[in-house]
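*Asks:* Quick one: the structure is below, questions incoming.
The values are calculated or read from the model by the stated rules, or taken from the named source; none is laboratory data. All values derive from a computational prediction rather than experimental measurement. Neighbour counts run over all protein chains shown; Cβ positions are idealised from the backbone, glycine included.
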Amino acid sequence: MAALLAILLAIFVLPPYWGLVAILAGLTIELGEAWLWVYLSRRRRAVTGAEGLVGRTAKVVEPCRPDGRVRVHGELWQAHCARGAEVGQSVRVRSVQDLLLHVEPE
């Protein structure tokens with residue numbers, strides 16, 4: 001957008017020398033903005049799938065004695081809790097094995 005504005009200014013408003021300066025400034029702003037967005041998008045890897053659930057908090061929807069079901073981010077998962085957990089209790093996901101979440105009470 002800055003480059004387009006600079007080109008329009010150079011054509012219709014500014015004298016030739018200042019038009020060139022405006023175009024170069026507009027292109028510099030555009031390149032800087034593009035570099036910033038690329039930099040920001042590569043800072044952190046996206047974590048998806050079952051591995052992204054490790055460390056998250058879940059709510060028990062079926063009692064875990066020791067196996068039951070929990071809800072994490074709106075999804076139901078089979079869970080195993082060695083110490084047991086009751087319905088409505090918050091548990092923390094410790095590991096994932098074959099789509100079975102190993103959880104423990106908070």
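*Asks:* What pairs come up if the first residue lies in region 59-70 and is closer than 13 Å to residue 93 by Cβ and not assigned by TED's automatic domain parsing to the domain that holds residue 87, the second is part of a strand (DSSP E or B) and of a type in the set (Lys, Arg), and their beta carbons are under 6 Å apart, counting only those six or more places apart or on different chains?
*Replies:* So the pair list comes out empty.
*Asks:* Next question, about the same structure. Of everything in region 30-58 that's more than 21 Å from the chain's Cα centre (by Cα) and exposed (fewer than 15 other Cβ atoms within 10 Å of the Cβ), which residue is farthest from residue 94 (Cα to Cα)?
*Replies:* If we take residues in region 30-58 being more than 21 Å from the chain's Cα centre (by Cα) and exposed (fewer than 15 other Cβ atoms within 10 Å of the Cβ), then 31 is farthest from residue 94 (Cα to Cα).
*Asks:* Please identify the pairs in which a residue from region 29-41 that is at negative phi and assigned to a helix (DSSP H, G or I) has its Cβ atom under 6 Å from the Cβ atom of a residue that is surrounded by 10 or more Cβ atoms within 10 Å (Cβ to Cβ) and modelled with pLDDT under 95, counting only partners at least 6 apart or on another chain.
*Replies:* 29/2; 30/2; 30/3
*Asks:* Moving on to the next point. When you go through 45, 92 one by one, which is the residue that is out of contact with any His (no Cβ under 9 Å at 6 or more places or on another chain) and assigned to a loop (DSSP other than H, G, I, E, B)?
*Replies:* Among 45, 92, only 45 is out of contact with any His (no Cβ under 9 Å at 6 or more places or on another chain) and assigned to a loop (DSSP other than H, G, I, E, B).
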